[in-house]
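Novice: Below is one structure. I have some questions about it.
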2 protein chains.
Amino acid sequence: MAARDATHDPALRSWVASAQAPGSDFPIQNLPIGIFDRPGEPARGGIAIGDAVLDLRAARDAGLIAGDAADAAVEPTLNRLMGMGRPASAALRRQVSALLAEGASAASLAERILVPMRAARMRLPAQVANFSDFMASYDHCARLGVRRDPRNPLPQAFRHLPVAYHSRASSVRVSGEPVTRPHGQWQAQDGAIRFGPTEALDYELELAIWIAGENALGTPVPMSRAPDRIFGYGLLNDWSARDIQRWEMPPLGPFLAKSLSTSVSPWIVTAEALAPFAVAAPVQDPPALPHLDSAWNRAKGALAIRMTAAILTPRMRAEGAAPFTITDTQFARMYWTTAQMVTHHASNGCNLLPGDLLGSGTASGPEDSARACLAEIGLTGPVTLPTGETRRWLQDGDEVIFRARAEAEGAVPIGFGECRAVVAPAIAWPD
Amino acid sequence: MAARDATHDPALRSWVASAQAPGSDFPIQNLPIGIFDRPGEPARGGIAIGDAVLDLRAARDAGLIAGDAADAAVEPTLNRLMGMGRPASAALRRQVSALLAEGASAASLAERILVPMRAARMRLPAQVANFSDFMASYDHCARLGVRRDPRNPLPQAFRHLPVAYHSRASSVRVSGEPVTRPHGQWQAQDGAIRFGPTEALDYELELAIWIAGENALGTPVPMSRAPDRIFGYGLLNDWSARDIQRWEMPPLGPFLAKSLSTSVSPWIVTAEALAPFAVAAPVQDPPALPHLDSAWNRAKGALAIRMTAAILTPRMRAEGAAPFTITDTQFARMYWTTAQMVTHHASNGCNLLPGDLLGSGTASGPEDSARACLAEIGLTGPVTLPTGETRRWLQDGDEVIFRARAEAEGAVPIGFGECRAVVAPAIAWPD
């Protein structure tokens, strides 16, 4: 439950001039954290500012930041920093904000502590301890459920708890790594059972929720403590093979349709940075049971984040076309809040660990333009691209590009950077 | 695909006399590996022999075992040894077999290298990287599916692939740690949505399958290489809250009904030790698709392991009664083999890591006595115990005790030790 403080002041400016560029994802009010390296150098923490990365190791070694959080932030993953809890990361944010603010003496050390963003190779921000994926958008469920049962399209528990499944941690990859078209098994329309490269590869536009701190196994996390268990947010592409999914899913849920790969953005926008974008949660009907309810959650539990998905096909690339936006949606409309997800997840005593990753679920909204996966879009026919190409599902060479931006009255907008990946062709089945 | 060798010779005897005790789980033909410690000492690898543990660190330090595998086996988890692949663990087995064989000079060092089993505290054998749980017993599925659809009780894909779901790694615990009754949400018979401690806690008797080696993301594991990806086997209790499960499961599968806790036995019976117990796999109808089929799998893909589950209630404990066996089943009848599980799991390119854990799925057989969870047993009414008590579901204070033994003509039987845990009462919901 971060409050607004001096680090959010809209008048605050950085001595890094590009942080003030109109439309920059990374003004000084943002300060997202990630892990980067350069050839021959160890991976360590960095903070995005304008078109540069503040090298947290260099800043720490120069004595510009100090303390346990600064020490943890120079490691090759953020797991230990995440484990220290929100007060530690909030303290680091205040130090970095002061360091990068206009007038700070650190400006004279720019060459030593800043790395051009184009020179930094971004890594997975944390070793993913566990990955759980939610299904929290009413519109996503309602659209896809209509095929199953037009009169009861929602899963039976949808209005009573944030439905979720355990997903695969080992196959989470950072933005930029290609996604190989997976082999799999499904039932063809003629009833035959097929095995081969999926013919229905899809994206799902979600937020990544990174967990802070740890609760012991057997110890739930009540709503009063749930917000402090969220370290920050990124973008997440929950790649899905729909033919495989339909066949394997009953009754144990998605398995190989999801574990082919999951892409996350490298920058984690901290819970502190998002404080100005907290808005009222959608009204739930019926009201959430008491253990999933709080006054704070109703008033401030949602986040105003505009999210987009764009596609860039090989032909568009050859023709020099810009990526074409096929999803434009708003995270604040998710039926369940991220605090409710945390409390539900731990309600059986499940221990949530630093480095745990939650997927918000496909963030679809009610408008056709807010359909956040091809499974939904395709219900009214394939997408037509500016090149005249059409897409029912993703083709080899297609690149999917997610972006997001938190926007609110009286606050400087902040961005999430990108989560992007190209679909690579299936490999030959090995002997 | 371990072959029989000198380490399996039924005539082989150990200088550790208790290894020859009739009915011992741990004769010299077994040599299961685990992690143990004693107060004030670091955790390290150990191998069970009779009623003792061979301290692998002490043996290595005394120069009795050597090499990369021996070095890895003294670490506080088996992950690195698992990562070295089967040839490494097979080499370690041969060294340890020679060291413990009657006539070996190491006998004079018994006091230095053996720890009484009762003095060793067993730990989780590996840091669980990922945990996936299968559903591979025809009888388990058919019995429980009848309620859903009497004419089509099996999941649609059951005969075509080994159905599975991603489960939770963080909540896996070693035998002996209590299992706290979880809170959860479900729909009562009157239709009301309830939240509170589960009223339908169940066990599921499964084998644990521990993964060796690693395949890169995007790289499947064909059937020819699947057997070598199995480091070894243990017992696994996939604790399940049935009321929570029924409510949360559609359509994404089990979530909080499973992540409350999963118990595994501390000793891993290696794939090498189980070579004499390989038997023909059940005939599959229809035949498995080519990528899930091999001549070796049909001839040798199953394992002859008798598995039991027993219960010990507080009243039985007070009266000095022995645990009462409520499940007695045979693993060789599972519809899918463990090699098929590995190949299926990686068929989409999913990377399986050292320390990954697969649950075999509830190992039920066709006889009433072979029903391997209370959900099945209860279909014909509650269990009646020798004290006159009955159980539809587990009560607080009940202990569930799994045991297993591999048995085959011409081979010395080998045991798995125990996987046991007591049900602890629910805690008060926190504020």
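Novice: Conditions first: (1) over 23 Å from A:Phe231 (Cβ atoms); (2) in contact with a Ser or Thr (Cβ under 8 Å, 6 or more places away or on another chain). A:Ile311 passes all but one, so which condition is the exception?
Specialist: Tallying (1) over 23 Å from A:Phe231 (Cβ atoms); (2) in contact with a Ser or Thr (Cβ under 8 Å, 6 or more places away or on another chain), A:Ile311 fails exactly one: (2).
Novice: Has region A:12-22 got at least one residue that is closer than 29 Å to A:Trp296 by Cβ, touching a residue at least 40 places away in the same chain (Cβ under 8 Å) and not acidic (Asp, Glu)? Please lay out each step first, then the result.
Specialist: The initial filter retains those residues of region A:12-22 that are closer than 29 Å to A:Trp296 by Cβ, namely A:12.
Adding the requirement that they be touching a residue at least 40 places away in the same chain (Cβ under 8 Å) leaves A:12.
Cutting the leftovers down to not acidic (Asp, Glu) gives us A:12.
Scanning region A:12-22, I find at least one residue that is closer than 29 Å to A:Trp296 by Cβ, touching a residue at least 40 places away in the same chain (Cβ under 8 Å) and not acidic (Asp, Glu), so the answer is yes.
Novice: Residues to consider are A:Ala212, A:Ala226, A:Ala241; find the one that is out of contact with any strand residue (DSSP E or B) (no Cβ under 9 Å at 6 or more places or on another chain), hydrophobic (A, V, I, L, M, F, W, C) and either facing chain B (nearest Cβ under 8 Å) or more than 22 Å from A:Thr329 (Cβ to Cβ) (or both).
Specialist: Working: A:Ala212 fails: out of contact with any strand residue (DSSP E or B) (no Cβ under 9 Å at 6 or more places or on another chain); A:Ala241 fails: out of contact with any strand residue (DSSP E or B) (no Cβ under 9 Å at 6 or more places or on another chain).
Being out of contact with any strand residue (DSSP E or B) (no Cβ under 9 Å at 6 or more places or on another chain), hydrophobic (A, V, I, L, M, F, W, C) and either facing chain B (nearest Cβ under 8 Å) or more than 22 Å from A:Thr329 (Cβ to Cβ) (or both) holds for just one of A:Ala212, A:Ala226, A:Ala241, which is A:Ala226.
Novice: If A:Phe134 satisfies every condition in (1) crowded, with 20+ Cβ neighbours inside 10 Å; (2) out of contact with any Pro (no Cβ under 7 Å at 6 or more places or on another chain); (3) under 15 Å from A:Ser240 (Cβ atoms) but one, which is the exception?
Specialist: (2)
Novice: Let me ask something else. Determine, yes or no, whether A:Gly361 is surrounded by 18 or more Cβ atoms within 10 Å (Cβ to Cβ) and on the phi > 0 side of the Ramachandran plot. I'd like the intermediate steps shown before the answer.
Specialist: Values: surrounded by 18 or more Cβ atoms within 10 Å (Cβ to Cβ): yes; on the phi > 0 side of the Ramachandran plot: yes.
Taking the combined requirement at face value, the residue satisfies it.
Novice: Now a separate question. For region A:5-39, give me the residue count where each residue is of a type outside the set (Phe, Trp, Tyr), over 21 Å from A:Gly103 (Cα atoms) and either not assigned by TED's automatic domain parsing to the domain that holds A:Asn79 or not in a loop (DSSP other than H, G, I, E, B) (or both).
Specialist: Total meeting the criteria: 4.
Novice: Still on this model: Restricting the first residue to region B:394-415 and requiring it to be in contact (Cβ under 8 Å) with a residue 40 or more places away in the chain, which pairs with a second residue that is of a type in the set (Asp, Glu) and assigned to a strand (DSSP E or B) meet a Cβ separation below 8 Å and a spacing of at least six or different chains?
Specialist: Within 8 Å, the pairs are B:Leu394/B:Asp202; B:Ile401/B:Glu418; B:Phe402/B:Glu418; B:Arg403/B:Glu418.
Novice: Which members of region B:69-117 meet the condition of being on the phi > 0 side of the Ramachandran plot and in contact with a Gly (Cβ under 7 Å, 6 or more places away or on another chain)? Let's see the steps before the verdict.
Specialist: If we filter region B:69-117 for residues that are on the phi > 0 side of the Ramachandran plot, which is where we start, we get B:85, B:103.
Scanning region B:69-117 gives a single hit, B:Gly85.
Novice: Name every residue in region A:187-198 that is more than 9 Å from every other protein chain (Cβ to nearest Cβ) and either buried (at least 20 other Cβ atoms within 10 Å of the Cβ) or farther than 21 Å from B:Asn351 by Cα (or both), in order of residue number. Break it down stepwise before answering.
Specialist: The initial filter retains those residues of region A:187-198 that are more than 9 Å from every other protein chain (Cβ to nearest Cβ), namely A:188-192, A:196-197.
Once the filter is applied, which keeps residues that are more than 9 Å from every other protein chain (Cβ to nearest Cβ) and either buried (at least 20 other Cβ atoms within 10 Å of the Cβ) or farther than 21 Å from B:Asn351 by Cα (or both), region A:187-198 yields A:Ala188, A:Gln189, A:Asp190, A:Gly191, A:Ala192.
Novice: Working carefully through the options A:Ile209, A:Ile193, find the one that is aliphatic (A, V, I, L, M), outside the structural domain of A:Val53 (by TED's automatic domain parsing) and in contact with a Pro (Cβ under 9 Å, 6 or more places away or on another chain). Lay out the reasoning, then the answer.
Specialist: On the way: A:Ile209 fails: in contact with a Pro (Cβ under 9 Å, 6 or more places away or on another chain).
None of the others qualify; the one that does is A:Ile193.
Novice: Tally time: how many residues in region A:278-299 are surrounded by fewer than 23 Cβ atoms within 10 Å (Cβ to Cβ) and within 20 Å of the chain's Cα centre (by Cα)?
Specialist: Within region A:278-299, residues that are surrounded by fewer than 23 Cβ atoms within 10 Å (Cβ to Cβ) and within 20 Å of the chain's Cα centre (by Cα) number 1.
Novice: A follow-up question, please. Is it the case that A:Leu161 is away from chain B (no Cβ under 12 Å), surrounded by 19 or more Cβ atoms within 10 Å (Cβ to Cβ), among the hydrophobic types (A, V, I, L, M, F, W, C) and touching a residue at least 40 places away in the same chain (Cβ under 8 Å)?
Specialist: Values: away from chain B (no Cβ under 12 Å): no; surrounded by 19 or more Cβ atoms within 10 Å (Cβ to Cβ): yes; among the hydrophobic types (A, V, I, L, M, F, W, C): yes; touching a residue at least 40 places away in the same chain (Cβ under 8 Å): yes.
No; evaluated as a whole, the condition is false for this residue.
Novice: Can you pull out every residue in region B:245-260 that is buried (at least 24 other Cβ atoms within 10 Å of the Cβ) and either more than 7 Å from every other protein chain (Cβ to nearest Cβ) or at positive phi (or both)?
Specialist: Correct list: B:Gly253, B:Ala257, B:Lys258.
Novice: Quick check, is B:Asp133 acidic (Asp, Glu), assigned to a helix (DSSP H, G or I) and either within 23 Å of the chain's Cα centre (by Cα) or more than 12 Å from chain A (Cβ to nearest Cβ) (or both)?
Specialist: Judged against the criteria, B:Asp133 is not a match.
Novice: Another question, if that's okay. So A:Leu201 fits all but one of (1) more than 26 Å from A:Ala339 (Cβ to Cβ); (2) facing chain B (nearest Cβ under 9 Å); (3) buried (at least 16 other Cβ atoms within 10 Å of the Cβ); what number is the exception?
Specialist: Among (1) more than 26 Å from A:Ala339 (Cβ to Cβ); (2) facing chain B (nearest Cβ under 9 Å); (3) buried (at least 16 other Cβ atoms within 10 Å of the Cβ), A:Leu201 violates only (2).
Novice: Okay, moving on. Can you work out which of the residues in region B:317-343 that are touching a Pro at 6+ places or on another chain (Cβ under 7 Å) and closer than 29 Å to B:Glu389 by Cα is surrounded by the most Cβ atoms within 10 Å (Cβ to Cβ)? Show your work before the answer.
Specialist: Filtering region B:317-343 down to residues touching a Pro at 6+ places or on another chain (Cβ under 7 Å) leaves B:321, B:324, B:333, B:335-336, B:339-341, B:343.
Right, trim to closer than 29 Å to B:Glu389 by Cα and you get B:321, B:324.
Working: B:Ala321: 14, B:Phe324: 19.
Here the answer is B:Phe324.
Novice: Looking at A:Gly355, A:Gly388, A:Gly415, which is the one that is in contact with a strand residue (DSSP E or B) (Cβ under 9 Å, 6 or more places away or on another chain), of a type in the set (Gly, Ala, Ser) and farther than 27 Å from A:Ala21 by Cα? Give the derivation first.
Specialist: Numbers: A:Gly388 fails: in contact with a strand residue (DSSP E or B) (Cβ under 9 Å, 6 or more places away or on another chain); A:Gly415 fails: farther than 27 Å from A:Ala21 by Cα.
Checking each option against the conditions leaves just A:Gly355.
Novice: Then there's this: Has region A:365-373 got any residue that is in a loop (DSSP other than H, G, I, E, B), touching a strand residue (DSSP E or B) at 6+ places or on another chain (Cβ under 9 Å) and buried (at least 24 other Cβ atoms within 10 Å of the Cβ)? Explain how you work it out, then say what you get.
Specialist: Taking region A:365-373 first, the residues in a loop (DSSP other than H, G, I, E, B) are A:365-367, A:371-372.
Right, trim to touching a strand residue (DSSP E or B) at 6+ places or on another chain (Cβ under 9 Å) and you get A:365, A:367, A:371-372.
Okay, now just the ones that are also buried (at least 24 other Cβ atoms within 10 Å of the Cβ), so A:371-372.
Scanning region A:365-373, I find at least one residue that is in a loop (DSSP other than H, G, I, E, B), touching a strand residue (DSSP E or B) at 6+ places or on another chain (Cβ under 9 Å) and buried (at least 24 other Cβ atoms within 10 Å of the Cβ), so the answer is yes.
Novice: Would you be able to say whether some residue in region A:295-302 is outside any helix (DSSP H, G or I) and of a type outside the set (Gly, Ala, Ser)? Steps first, please.
Specialist: Restricting attention to region A:295-302, the residues satisfying the condition of being outside any helix (DSSP H, G or I) are A:301-302.
From what's left, of a type outside the set (Gly, Ala, Ser): none.
Within region A:295-302, not a single residue is outside any helix (DSSP H, G or I) and of a type outside the set (Gly, Ala, Ser).
For every residue, the table says whether it meets (1) charged (D, E, K, R); (2) at pLDDT 95 or above; (3) closer than 19 Å to B:Trp267 by Cα; (4) assigned to a strand (DSSP E or B).
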site	(1), (2), (3), (4)
B:Glu41	yes, yes, no, no
B:Ile47	no, yes, yes, yes
B:Ile65	no, yes, no, no
B:Ala69	no, yes, yes, no
B:Ala90	no, yes, yes, no
B:Arg94	yes, yes, yes, no
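Novice: Do you know which of the residues in region A:216-244 that are polar (S, T, N, Q) and buried (at least 20 other Cβ atoms within 10 Å of the Cβ) is nearest to A:Gly83 (Cα to Cα)? Let's see the steps before the verdict.
Specialist: Pass one, region A:216-244, residues polar (S, T, N, Q): A:219, A:224, A:237, A:240.
Adding the requirement that they be buried (at least 20 other Cβ atoms within 10 Å of the Cβ) leaves A:237, A:240.
On the way: A:Asn237: 25, A:Ser240: 30 Å.
Checked region A:216-244; the qualifying residue nearest to A:Gly83 (Cα to Cα) is A:Asn237.
Novice: If you take the residues of region A:49-63 that are of a type in the set (Asp, Glu) and outside any strand (DSSP E or B), which of them is surrounded by the most Cβ atoms within 10 Å (Cβ to Cβ)?
Specialist: Kept after step one, since they are of a type in the set (Asp, Glu), are these residues of region A:49-63: A:51, A:55, A:61.
Checking the rest, the ones that are also outside any strand (DSSP E or B) come to A:51, A:61.
Numbers: A:Asp51: 17, A:Asp61: 13.
Only one residue tops the list, namely A:Asp51.
Novice: Going by what's in this entry, would B:Val221 be described as of a type in the set (A, V, I, L, M), within 13 Å of chain A (Cβ to nearest Cβ) and in contact with a Pro (Cβ under 6 Å, 6 or more places away or on another chain)? Before the answer, list the steps.
Specialist: On the way: of a type in the set (A, V, I, L, M): yes; within 13 Å of chain A (Cβ to nearest Cβ): yes; in contact with a Pro (Cβ under 6 Å, 6 or more places away or on another chain): no.
So B:Val221 fails the test.
Novice: Restricting the search to region A:322-351, which residues are out of contact with any Gly (no Cβ under 6 Å at 6 or more places or on another chain) and facing another protein chain (nearest Cβ under 10 Å)?
Specialist: If the condition is that a residue be out of contact with any Gly (no Cβ under 6 Å at 6 or more places or on another chain) and facing another protein chain (nearest Cβ under 10 Å), then A:His344, A:His345, A:Ala346, A:Ser347, A:Cys350, A:Asn351 are the ones that fit.
Novice: Which one is nearest to B:Pro266 (Cα to Cα) among residues in region B:219-230 that are in contact (Cβ under 8 Å) with a residue 40 or more places away in the chain and out of contact with any Leu (no Cβ under 8 Å at 6 or more places or on another chain)? Full working, then the answer.
Specialist: Filtering region B:219-230 for residues in contact (Cβ under 8 Å) with a residue 40 or more places away in the chain gives B:219-224, B:226-230.
The next check asks that each one be out of contact with any Leu (no Cβ under 8 Å at 6 or more places or on another chain); those that pass are B:219-220, B:222, B:224, B:226-228, B:230.
Details: B:Thr219: 31, B:Pro220: 29, B:Pro222: 29, B:Ser224: 29, B:Ala226: 24, B:Pro227: 22, B:Asp228: 21, B:Ile230: 17 Å.
Only one residue tops the list, namely B:Ile230.
Novice: Hey, among B:Pro276, B:Pro250, which residue is part of a loop (DSSP other than H, G, I, E, B) and not hydrophobic (A, V, I, L, M, F, W, C)? Show your work before the answer.
Specialist: Numbers: B:Pro276 fails: part of a loop (DSSP other than H, G, I, E, B).
The unique qualifying residue is B:Pro250.
Novice: Still on this structure, please answer the following. Quick one: in region B:353-364, of everything that is over 11 Å from B:Thr329 (Cα atoms) and in a loop (DSSP other than H, G, I, E, B), which residue is farthest from the other protein chains (Cβ to nearest Cβ)?
Specialist: We begin by selecting, within region B:353-364, every residue over 11 Å from B:Thr329 (Cα atoms); these are B:353-361.
Among the residues that remain, those that are also in a loop (DSSP other than H, G, I, E, B) are: B:353-356, B:360-361.
Values: B:Leu353: 5, B:Pro354: 11, B:Gly355: 10, B:Asp356: 8, B:Ser360: 14, B:Gly361: 10 Å.
So, considering only residues that are over 11 Å from B:Thr329 (Cα atoms) and in a loop (DSSP other than H, G, I, E, B), the one farthest from the other protein chains (Cβ to nearest Cβ) is B:Ser360.
The values are calculated or read from the model by the stated rules, or taken from the named source; none is laboratory data. Not measured: the values here are computed from a predicted model. Cβ atoms come from the backbone with ideal geometry, glycine included; neighbour counts cover every protein chain shown.
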